[in-house]
Amino acid sequence: MKKHLLEAADLDRSDATLVLDTAAQIEAALTGREVKKLPTLRGRTVVNLFYEDSTRTRISFELAAKRLSADVINFSAKGSSVSKGESLKDTALTLEAMGSDAIVIRHGASGAPHQLASWVRGSVVNAGDGTHEHPTQALLDAYTIRARLGRLEGVRVAVVGDVLHSRVARSNVRLLHTLGAEVTLVAPPTLFPVGVGSWPAEVSYDLDAVLPKADVVMMLRVQAERMTASFFPSAREYSRRYGLDARRMAVLGDDAIVMHPGPMNRGMEIAADVADSVRSTIVEQVANGVSVRMAVLYLLLGGAPS
Amino acid sequence: MNHLIKGARVLGGDPVDLLVKDGRIAAVGAKLSATGAEVLDAGGLVALPGLVDLHTHLREPGREDAETVETGSRAAALGGFTAVHAMANTDPVADTAGVVEQVWRLGQEAGLVDVVPVGAVTVGLAGERLAELGAMAESAATVRVFSDDGHCVADPALMRRALEYVKAFDGVVAQHAEEPRLTVGAQMHEGDRSAKLGLTGWPAAAEEAIIARDVLLAQHVGARLHICHVSTAGSVEILRWAKARGVDVTAEVTPHHLLLTDACAEGYDPVFKVNPPLRTDADVQALRAGLADGTIDAVATDHAPHAVEDKECEWAQARPGMLGLEQALAIVQDTMVETGLLDWAGVADRMSVRPATIGRLTGHGRPLIPGEPANLVLLDPAARAVVDPAALASRSRNSPYAGRELPGRVVATFLRGVPTVLDGKAQR
Ligand SMILES: [Zn+2]
C-alpha cells in the first residue's frame, strides 16, 4: 500500500483486493458482537477535514475510525478558522502540529488532497475532491458488487449519469478496471468529459442498449441545475432518456443489481420503486462504507493484517 | 563611460569588437582600441540586440507585494531585455493618460529597461466602452499597444471599433483571445488530462474562434491586429492562413508554451496554472514550427508575478500566471536554437526586431552597426544552470522552471550604452 489514498490509481490490483479482503475480515470479526470496536488504532488520531457539507461521508469515516479505537477530530470548514480565510496549507500544518496521524479530507477543489499530501507527514485519505475522485466510494462499491455477485472479474458494470462532474465515476472506472470488471459509461454526450475516450471504459449514449447486458447498473446523481447550463433540455427529458424506472429495470438479467452512491434524486435518475426494490444495494452500500473505510484506515495506519 | 566589447559573436557570427560610445555603437571591427574605454572581454559570447518584451505584468500600481516596476525592470535586464511592455491590468487599470504616464515615469526612474506602458482597450477592462485611447497615445508614454489582457475584448462590435480607432495613431490592439462563454470556470487545457484530473477544461476552440473572428475583422477594416500568447496548433494554422491572405496580423508565443505541456498539471501544483493554459505536446511542436517559419512573429514572456498566497492554495483558487523574464532567452535557446529551429539571427528577429516593430519602438530592435543605439545583450550560450526561484530578481517566486537545468547565461545588458547588467549582476 502507498502511504496515501488520493485516487483509485494509488491501488494496484493486489492492494485493492487487500482492502476488500480486510474489510470482509473486519465485518466478520464484528458480526454478532455487542461492542463493535477493535483496539487496533488506539492512541492514533484521525482528523476529518471537511470543506464541503457531507454528513453521510463524514459520519461513515468517523464511525470507521472510532470502531478502530482511534481518536477522531472533526474539523469542519464552517465555524472554524478556515472560514476566516486560513489557507489549506496553514490548516494542514496546524492539524499536524496537534498530532494527527491521518487526515481524511473532503474538498470542493479537485486536487486538494494531493496538495495536502505534499505538506504533511501523516497519511491523507481523499474523501471526495471536486470533480476528481472519491476512491473510498469506489472501494465500497466494489466491495458491494463482490458481496452480491461473488466476483469482480468480468462483471459488466453500467455507470449512468453525470460522468463529467462525477468524482464517483472517475474513481469507479479506474478501480473497477483494476479489478477486472468491464465498465460502460452511459450519459448524454454533454455529460461526458472531452477526453473520456482515453479512459479504460466503453462509452454509450443509449441506456436501453446497454441494460440487457449489464450485471450492475450504477446510477449517478444528476443535479437538475445542470439543465440551466444546457447540459440537457429538461429534467423530464433526462429522466425519460437516462432514468432508471421499473420498465427499464425489467430488462435486466435475473441477478443484476442496482447501485447509487447517494444522495438520490428520486424521480430524476432513479424511480422510487427501483430504489426500493430487491435489486437495490443502496442501503448495503452505506453499511459497507464503514467496513471499507475501517480497512483503509487500518492498512494505512496499522500495517498489514496479521 | 565608453565600453570596448572584445570578441563578441554578433548574431552568432565571427568574433568582432564593438565600441560603445555616448550611448551608441561607434565602431564595429577587428582589433579595435579606444583609450579610456572600459574593456569587456566577450570571447565566446553571443551579442544580440537588446530583447523587447511585448507582454509583461509589472503589477504596479496595485500589487506591489507581487512585483514593482523596479523589481520587474531588474528581472527584465537580467533576462537580457532593454524594453518591456507593461500590461494594463493594474489597480487602477492603465486606462487613462494619468496611469500610463505614472508607469512610464516609474520605469524611467528605475532606469534598467524602457518600460513601455500598454493601454487598456476598454474602461476598467470591462469590455463595455472604449477607454480614451487617443489620450494615452498622445501622453508622455506614447502608447501604441492597447490590450485588455487578462480579458478578451469579446464583443465583436467593440473589437471592430477598437481596431479601427487606433489606426489614427498607428496603434495596435493586442487581443487576449479567449471566448469567455466557452471558458467559464476553466482551469486547464481541455483534453485527456483535464478529464482525468477533474479540472474544468479550457478548449482550444475558445482561442481559435476569437483569432479567426478577429483576423477577419482586421482585414475588413484594414487595421493591424496582434494576438497575445498563441497557445494551440489550430491558432497557428489560422494565423498562417490569415497572413497568406494578406491580413496585417502579428502574434506572440510565450516561453512556457514553447516548453511545457498540460502534463505539468498532474501534481496539481498551481505554479503551472496559467492562462491560456499549457497545452499538449502536439501544440508545443506546432508553436515551435510557427515561430521558426515566422507565422508567429515574437516571443513574449507574459511574465506574471504572484504573491505566495495566490499560488500556495487550491488549484481552482490559484491565480493564473508564471514568471518568465529571467528565463525567456534560456527557454528559447533550449527549445529553438538547440533544436536547430532558429539560429541566433532568428532569435534576434523574434525577440527584438519584430517585437520592437510591432510596438513601434524606434530605438530598439536595431542592427548592431555603427550609429545605432547601444541596446544589446551578451550571452554565454555554453553555460548551463539550474533555476533557483529564491535567486530571482522578481519579487515573486512562481517560476515553473524551479529545479530545471537550462542553457545559456546573460552576461551583460546595455541600455543606450549604459550597462544594466555586468557579469550576470544587475548594476542598480
Ligand atoms: Zn493574456
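Results for (1) within 13 Å of chain B (Cβ to nearest Cβ); (2) among the hydroxyl-bearing types (Ser, Thr, Tyr); (3) in contact (Cβ under 8 Å) with a residue 60 or more places away in the chain, shown as yes or no for each residue.
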{"site": "A:Glu96", "(1), (2), (3)": "no, no, no"}
{"site": "A:Ser100", "(1), (2), (3)": "no, yes, no"}
{"site": "A:Gly108", "(1), (2), (3)": "yes, no, no"}
{"site": "A:Ala112", "(1), (2), (3)": "yes, no, yes"}
{"site": "A:Ala117", "(1), (2), (3)": "yes, no, yes"}
{"site": "A:Arg121", "(1), (2), (3)": "no, no, no"}
{"site": "A:Asn126", "(1), (2), (3)": "yes, no, yes"}
{"site": "A:Asp129", "(1), (2), (3)": "yes, no, no"}
{"site": "A:Glu133", "(1), (2), (3)": "yes, no, yes"}
Item checked: Subset of region B:178-193 (residues that are without any contact (Cβ under 8 Å) to a residue 60 or more places away in the chain and within 16 Å of the ligand (Cβ to nearest atom)) -> B:Glu179, B:Pro180, B:Leu182, B:Thr183
Check: Quick one: is B:Ala157 among the small types (Gly, Ala, Ser), more than 16 Å from the ligand (Cβ to nearest atom), within 12 Å of another protein chain (Cβ to nearest Cβ) and closer than 19 Å to B:Ile227 by Cα?
Finding: no
Checklist line | helices (runs of 4 or more DSSP H) lying entirely in region A:160-242 (those with 1 or more residues that are within 23 Å of A:Tyr143 (Cβ to Cβ)) | finding: A:167-178
Next item on the list: Those residues that are crowded, with 24+ Cβ neighbours inside 10 Å and out of contact with any helix residue (DSSP H, G or I) (no Cβ under 8 Å at 6 or more places or on another chain), I need them from region B:224-251; list them, please.
Entry: B:Cys228
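Matching residues to (1) under 29 Å from A:Arg58 (Cβ atoms); (2) modelled with pLDDT of 95 or more; (3) assigned to a helix (DSSP H, G or I):
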{"residue": "A:Arg248", "(1), (2), (3)": "no, yes, yes"}
{"residue": "A:Leu252", "(1), (2), (3)": "no, yes, no"}
{"residue": "A:Glu284", "(1), (2), (3)": "yes, no, yes"}
{"residue": "A:Met294", "(1), (2), (3)": "yes, yes, yes"}
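Filter region B:283-311 for residues that are assigned to a helix (DSSP H, G or I) and within 14 Å of chain A (Cβ to nearest Cβ); which is nearest to B:Ala390 (Cα to Cα)?
Among those that are assigned to a helix (DSSP H, G or I) and within 14 Å of chain A (Cβ to nearest Cβ), it is B:Val308.
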Notebook entry, point to check: Does any residue in region B:227-249 that is under 15 Å from B:Asp297 (Cβ atoms) and within 16 Å of the ligand (Cβ to nearest atom) come within less than 6 Å, Cβ to Cβ, of a residue that is in a helix (DSSP H, G or I) and of a type in the set (Asp, Glu) six or more places away or on a different chain, and which pairs are these?
Noted result: B:Ser235/B:Glu207; B:Ser235/B:Glu208
Next item on the list: Would you mind finding the one in A:Ser60, A:Ser54 that is crowded, with 22+ Cβ neighbours inside 10 Å and within 24 Å of A:His134 (Cα to Cα)?
Entry: A:Ser60
Item checked: Those residues of region A:111-155 which are among the small types (Gly, Ala, Ser) and under 17 Å from the mean Cα position of the chain (by Cα), in sequence order -> A:Gly111, A:Ala112, A:Ala127, A:Gly128, A:Gly130, A:Ala138, A:Ala142, A:Ala147
Next item on the list: Show the residue pairs that are 6+ apart or on different chains and have beta-carbon atoms under 6 Å apart, the first residue being within region A:56-74 and in the same structural domain as A:Arg293 (by TED's automatic domain parsing), the second being small (Gly, Ala, Ser) and not in a loop (DSSP other than H, G, I, E, B).
Entry: A:Thr57/A:Ala127; A:Ser60/A:Gly289; A:Val72/A:Ala65
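One line per residue, one yes/no per condition, for (1) surrounded by fewer than 24 Cβ atoms within 10 Å (Cβ to Cβ); (2) assigned to a loop (DSSP other than H, G, I, E, B); (3) touching an Asp or Glu at 6+ places or on another chain (Cβ under 9 Å):
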{"site": "B:Ile25", "(1), (2), (3)": "yes, no, yes"}
{"site": "B:Leu32", "(1), (2), (3)": "yes, yes, yes"}
{"site": "B:Thr35", "(1), (2), (3)": "yes, yes, no"}
{"site": "B:Leu40", "(1), (2), (3)": "yes, no, no"}
{"site": "B:Ala47", "(1), (2), (3)": "no, no, no"}
{"site": "B:His55", "(1), (2), (3)": "no, no, yes"}
{"site": "B:Pro61", "(1), (2), (3)": "yes, yes, yes"}
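The values are calculated or read from the model by the stated rules, or taken from the named source; none is laboratory data. Just so we're clear, the structure is a prediction, and the values are computed from it rather than from any experiment. No Cβ is skipped: glycine too gets one built from the backbone with ideal geometry, and neighbour counts run over all protein chains shown.
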